[in-house]
Amino acid sequence: MEVTSVTNNNPETKNVANSVILSFSLLLGLCLLGYFIFLGLKTFSDKDRVVTVNGLAEMDMKATSATITLYFSFSGDDFQNIFQQTENKKSAIMDYLTKIGYNKNDITIGNVAVTDRQKYYETRMQNGEQVQVKIDRYTVGQSLTVKSKDVETIENKASQINLELVTKDLTATINTTYSYPELNSIKPQLIAESTKNARIAGQQFAADSQAKLGKIKTASQGQISLSEKYLYSEGGGKQKVQKARVVSEIVFFLE
């Protein structure tokens, strides 16, 4: 039996097939073009859809140590005399501090500060008139600094020292200062907390707007501010703490 192969060489059939392929290709191309145009327009429009929120973070840093500074001075016209008075008072206060339990290694002796006005009179207003008033030419001052790790009782101790020095005729100006951990030790945690709180606020805003919170567009870390306050313990002690506070401004895209 002989099989005959039949080939359709009809030109009209070929033209129809080519037209179908061309039309399909054109339709597919238009669809893809429209899709990419849509994505481009959507991306362009989304750039204008942003929300700006602030994130607040606060952290307390407890003092690691404290110092009591005692300052005293004498003034007069006889430099050698007031210098010796200063030395005598320094020795007396040093003896007192060691007797109440402070080690000499914990006491820092400041340099002697000398002020020489190089004159004995100055002009002042008294009863509406300018008069010449006698003043001391020299002032000699010195400071002693006591360092302590007991930050909860340091201020009570300073008050006690002040009162006892007055009764001993060793009056001095007393100030208490505190040392805190380095700010850089908590800065990363502080910034992370403010960013987290900003995102929470942004998500709430996006939910209210029936949108979705996107990526960060811009972020601005606010300046870290420091303030001091007291924390009181149940035992009656009080501790100075330094509060670090930062407000970060973050701009999120809305999708």
Criterion: surrounded by fewer than 12 Cβ atoms within 10 Å (Cβ to Cβ), of a type in the set (Ser, Thr, Tyr) and closer than 27 Å to residue 62 by Cβ - qualifying residue of 185, 179
185
So is residue 107 outside the structural domain of residue 218 (by TED's automatic domain parsing), surrounded by 13 or more Cβ atoms within 10 Å (Cβ to Cβ) and farther than 30 Å from residue 229 by Cβ or not?
no
Condition test on residue 169, is it exposed (fewer than 13 other Cβ atoms within 10 Å of the Cβ) and within 30 Å of residue 85 (Cβ to Cβ)?
yes
If you check every pair at least six apart or on different chains, which have Cβ atoms under 7 Å apart with a residue in region 149-169 that is under 20 Å from residue 180 (Cβ atoms) first and a residue that is hydroxyl-bearing (Ser, Thr, Tyr) and outside any helix (DSSP H, G or I) second?
149/65; 151/65; 151/178; 152/233; 154/148; 154/176; 155/176; 158/176
When restricted to 139, 108, 145, 123, the only residue modelled with pLDDT under 85 and hydroxyl-bearing (Ser, Thr, Tyr) is 123
Are there strands (runs of 3 or more DSSP E) fully within region 160-255 with at least 3 residues that are in contact with a Gly (Cβ under 7 Å, 6 or more places away or on another chain)? List them.
238-254
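The values are calculated or read from the model by the stated rules, or taken from the named source; none is laboratory data. Only a predicted model underlies this, so the values are computations on that prediction, with no experimental measurement involved. Note that each Cβ is placed from the backbone with ideal geometry, even for glycine, and that neighbours are counted across all protein chains shown.
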